[in-house]
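The values are calculated or read from the model by the stated rules, or taken from the named source; none is laboratory data. Predicted model only: the values in this text are computed from it and were never measured. Don't worry about glycine lacking a Cβ; one is built from the backbone with ideal geometry, like all the others, and counts go over all protein chains shown. Heavy atoms of the whole protein, side chains included, go into the accessibility calculation; ligands, DNA and RNA do not. Shrake-Rupley method; radii C 1.70, N 1.55, O 1.52, S 1.80 Å.
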Amino acid sequence: LMLNVEKANLDCVLEVLPALKRPTISPLSDGEWLAVNTILEESLVRSIIPRLKEAGAQGIVEYPLNKIVV
């Protein structure tokens, strides 16, 4: 799952967002925004997206995962 969030809402989004370890967080060209990438179980996506939107996430993208090497 990939999403954008304002820095002010990051903690709220992270409270909702489960992750394999911790999500990857990268700055966007607008210094007040961040990109968040994480791996989720497919069964959680449908229920978690509305909660992420309520927490301030925008531009949410779900994409398939081919393989995880741990």
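Observations, loosely collected:
- For the chain, the convex hull drawn through the C-alpha positions has a volume of 89 cubic angstrom per residue.
- In straight-distance terms, cross-link reach from residue 67 covers every one of the lysines whose alpha-carbon lies under 18 Å from its own, apart from those fewer than eight places away in the same chain; here that gives 21.
- Over the chain, DSSP H runs of length four or greater, each weighted -39,500 (n - 2.57), average out per residue to a 222 nm ellipticity of -8500 deg cm²/dmol.
- The residue 69 and residue 11 beta-carbon pair, evaluated with R₀ = 30 Å, returns a calculated FRET efficiency of approximately 0.50.
- A 1.4 Å probe run over the protein chains yields, for the chain, 73 Å² of accessible area per residue, whole-number rounding.
- Relative contact order computed over the chain (Cα-Cα under 8 Å; 6+ residues apart), in percent: 47 percent
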